[in-house]
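Visitor: One structure follows; several queries about it will come next.
The values are calculated or read from the model by the stated rules, or taken from the named source; none is laboratory data. Since the structure is predicted, the reported quantities are computational estimates derived from the model, not experimental observations. Positions of Cβ are backbone-derived with ideal geometry, glycine not excepted, and every protein chain shown enters the neighbour counts.
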Amino acid sequence: MSRRLSPSQRTYVPAETRLLSEWIAKFHRDDQVLIHVYVGSIPLEQLGKKLTQAEIQMLGVRRRWVDAIIIYPDHVELIEAKIITTPDVWAQLIHYISLFPGTPELAQYSRLPVEGVVLTAISDPTITALMRQHGIKEIVWTPDWIQGYLETKGQKYRIARPVTK
């Protein structure tokens, strides 16, 4: 039987946030970057009743959110950070891209082309190939602290590699 850890015993490390923050600081210092941004429309009515401003704001936080958005003069990049690329990340980005044009807070950028980008420390070649098929770009950036972080995680962060003949 497994034993639950108390909150004081848990060792949560916001590694994906650290990866993203350090990458932005190093490579996008002068760009317009938004962090943890809600995307999608906000309902103005529910069950046939017009919502109050407070209700609209409350429902607005139930939207999906993207790790970061980089706004360039000619396009927008939606960034999802993962320590190890996971199979679901490309679908997340495709979903966020579809929601982006309806985001009221970002209406001034809604006509710009939108690209999905996965920032990862460790790539999985099979997932990378799938992302490319769906137009999602991958950036592999592995800072020095990643190896130590992975060692603290043990089996959870071991991924299978394709067998080559």
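Visitor: Mind checking which residues of the range 39-67 are among the aliphatic types (A, V, I, L, M) and either outside any loop (DSSP other than H, G, I, E, B) or modelled with pLDDT of 75 or more (or both)?
Guide: Of everything in the range 39-67, those that are among the aliphatic types (A, V, I, L, M) and either outside any loop (DSSP other than H, G, I, E, B) or modelled with pLDDT of 75 or more (or both) turn out to be 39, 54, 56, 58, 59, 66.
Visitor: Residues 76, 117: which one is in contact with a helix residue (DSSP H, G or I) (Cβ under 6 Å, 6 or more places away or on another chain), of a type outside the set (Lys, Arg) and at pLDDT 90 or above?
Guide: 76
Visitor: Oh, and also: Taking the range 100-133 only, how many residues are surrounded by fewer than 12 Cβ atoms within 10 Å (Cβ to Cβ) and part of a loop (DSSP other than H, G, I, E, B)? Let's see the steps before the verdict.
Guide: Looking only at the range 100-133, we keep the residues that are surrounded by fewer than 12 Cβ atoms within 10 Å (Cβ to Cβ), and these are 107-108, 111, 113, 125, 129, 133.
Filter once more, so that each one left must be part of a loop (DSSP other than H, G, I, E, B): 111, 113.
So the count comes out to 2.
Visitor: Shifting gears a bit: Return yes or no: is residue 70 farther than 17 Å from residue 33 by Cα and either of a type in the set (Val, Ile, Thr) or at pLDDT below 95 (or both)? Please lay out each step first, then the result.
Guide: On the way: farther than 17 Å from residue 33 by Cα: no; either of a type in the set (Val, Ile, Thr) or at pLDDT below 95 (or both): yes.
Considered against the rule, which asks whether it is farther than 17 Å from residue 33 by Cα and either of a type in the set (Val, Ile, Thr) or at pLDDT below 95 (or both), residue 70 comes out as no.
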